[in-house]
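Values quoted throughout were computed directly from the atomic coordinates according to the rules given, and no laboratory measurement underlies them. Note that the structure is a prediction, hence the values are computed from the model and not measured. Cβ coordinates were reconstructed from backbone atoms using ideal geometry, including for glycine residues, and neighbour counts include every protein chain displayed.
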Amino acid sequence: MALKAIIVGAGIGGLATAIRLRSQLGCDVTVLEKNSTVGGRCNVLVDRGYHFDIGPSLLLMTDVYRDLFASAGENFDEHVKLVKMEPNYRVNFSDGSELEMSSDLPRMIENLEKIEIGAGQGYLRFLYDASLKYRIGRKKFVERNFNKASDFFSIENLMLLGKLNALNTLYGHVSKFFQDDRLRQAFSMQTMYLGISPFSAPAVYTLLAYTELAEDGLYFPLGGTYALPLAMAAVASRIGVEIETGVSVARIIVENGSTRGVQLEDKGFLPADIVISNADLPYTYTDLLQDRPAKYAEERWKKDNFTCSAFNLYLGTDKEFPQLRHHNFFLGPDYRKNFEAIFDRKEIPAYPSFYVNSVTKTDRTLAPHGGDNIFVLVPVPHLSPATKWDPDDIASFKDKVYGQLEDRGLTDLRKHVVVEHVYTPNDWKERFNLKYGAAFGLSHGLAQVGYFRPANRAAHAKGLYFVGASTAPGTGVPLVCIGAKLVVEQIAADLSNGRG
Ligand SMILES: Cc1cc2nc3c(=O)[nH]c(=O)nc-3n(C[C@H](O)[C@H](O)[C@H](O)COP(=O)(O)OP(=O)(O)OC[C@H]3O[C@@H](n4cnc5c(N)ncnc54)[C@H](O)[C@@H]3O)c2cc1C
């Protein structure tokens, strides 16, 4: 008889794991999602003809999705139509200058030379260095399970960590290639995709800029990023996975060191041979498991480093804003202070850096005729006693963000907003059970990656596994999909040696 697997949560991690468990191991899979839609943070909000992706908008490493769909015998490109961004995005600096980041090499060099004479040569050196980091990082540290310390601390890996400049900060490392501070900003801000600061992130994360500029590129799915989880859910259903939305899991039941199933909020007990929690890992340990190992008790999560959170505006306007590209970054007047406020002092920054997209530039169907669909993401600290986001906080911060958008070129924005939705760290916490509202989950400093990241297999309970942003290998849509592959490999290995 097929093994019965229950997956808690239909985020990207839950859906990808469901597809692989069913197609590769032939499990009988049920996915239980507390919200009314699948996708988790990769979700959609539709209001009066405006279709907003609420979370991810920058899609990287597309080979990962092709591999996932192929595991179920499906062709990804028949399900999701990807458009390659060219240029990738515009970076707007606080002095009014701008840089188009392009994956067209001659064009990119020309753009860089306009800012710093000689930067083209620095860029070529940067690409060479970052390509090594990408290849080594992905193969040796991202796409594999580390079950014991010696898997991570092998002589080979220790030597490779040196090549990855593991002990240098990203900003410091980038400064070796570019002299102009604007370029140092433009090549280090990508750590915000992981919700961490370039002033503390290890240098290896230059692989993010490399991936979008030189490896594969940056993509947008027609219909919006939500096309991805929709297609994943369709493939999962087609191969026999059962997906139930609006079903909240109250407890994962473990007895005598073995996983028995899940207790639902209002519908009784569901037995299972294996349970994989895609609900964020810190929440899973503190809220879904009664007898957790001491090292994962509540206090652990106070000490651990979490990523930042996000303040989002989803704006539908009655006119188009040609001054925006599809993807736009607006960096604040003091780049370093912005990160110090968010990560060191946990304060809402006075002059934040922020990201804006206008998806109608690529897909006109995502807003009514003549209107625009504007997504604003401002990185802010995760929840703490200092940041409560009560209605007054929200009103004043919203006003500040509108003010900055208008000052930086969207002059009459407020007058033209006809649809407005706001997400604060409280929304990220409540809607998706993210501890402290940390939008990207656990952080990615050296002490929380590889062998040090909470593992995808519970040490205290046979048959209990984890997938998603806060377990291995980490956050972001492609990494979470890689995490699904790793957890299924782990389950397969455990089954074959009698541990599953
Ligand atoms: C604003 C924002 C922008 C982002 N931008 C990008 C980007 O451009 N590119 C990129 O690659 N990544 C981006 N990310 C990160 C990316 O969204 C996440 O890393 C990824 O989607 C996480 O997927 P997941 O499966 O780990 O978790 P989740 O998406 O959190 O899914 C977990 C699911 O479990 C459900 N759940 C929780 N508790 C229970 C329970 N008790 N019972 C049943 N179900 C439960 C939740 O409702 C949720 O649906 C962004 C994130 C945010 C918030």
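Quick look at the numbers
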quantity	calculated
Partner aspartates and glutamates for K462 [C-alpha distance under 16 Å; skip if fewer than 8 residues away on the same chain]	E255, D273, D291, E489, D494
Between 0 and 90°, nearest 10: helix 477-496 axis offset from the chain longest Cα axis	20
Built amide H within the under 5 Å cut-off of F306, gap 5+	S443
Simple Cβ-charge dipole of the chain, Lys/Arg +1 and Asp/Glu -1, about Cα centre, in debye nearest 20	1160
Within straight-line cross-link reach of K267, aspartates and glutamates at Cα separation under 16 Å, skipping those fewer than 8 residues along the same chain	E33, E244
Extension gain from A459 to E299, taking 0.36 nm per residue of separation minus the Cα-Cα distance	55.8 nm
The chain - share of DSSP beta bridges that are antiparallel (%, nearest 5)	70
Listed residues A458, N357, A214: farthest to the positive end of the dipole of the chain (Cβ charges)	A458
Full-stretch length increase - E113, F269 - with 0.36 nm per residue and alpha-carbon distance subtracted	49.8 nm
Leading residue at positive end of dipole, the stretch 104-215 (Cβ point charges), from S150, G122, M108	S150
Residues L495 and K337, FRET efficiency given R0 of 45 Å [Cβ-Cβ distance, rounded to 0.05]	0.30
Mean Cβ neighbour count within 10 Å, used as a protection proxy, ranking 66-74, 406-414 highest first	66-74, 406-414
Violating pairs (Cα-Cα greater than 32 angstrom) within the set K303/K398; K163/K485; K302/K400; K361/K398; K34/K319	K34/K319
Kirkwood hydrodynamic radius over Cα pairs of the chain, then Stokes diffusion coefficient at 4 °C and 1.567 mPa s, in µm²/s	56
Peptide ranges 316-328, 97-109 listed from the most packed, as the mean C-beta count within 10 angstrom indicates	316-328, 97-109
In order through the stretch 235-245: 3J(HN,Hα) via Karplus (6.51 cos²θ - 1.76 cosθ + 1.60), integer Hz, x for Gly, Pro	5, 4, 5, 4, 8, x, 6, 9, 10, 10, 9
Prolate/oblate/rounded call for the stretch 226-342, Cα gyration tensor, a/c under 1.5 rounded	oblate
Cα-based radius of gyration of the stretch 104-215 once divided by 2.2 N^0.38 Å, which approximates compact folds	1.12
Reach of K435 by Cα under 15 Å, taken over aspartates and glutamates that are not fewer than 8 positions away in the same chain	D280, D287, E298, E299, D304, D427
Extension gain (nm, one decimal) between K176 and K139, 0.36 nm per residue minus Cα-Cα	10.8 nm
Packing-based order for 371-378, 260-267, using average beta carbon neighbours within 10 Å, highest first	371-378, 260-267
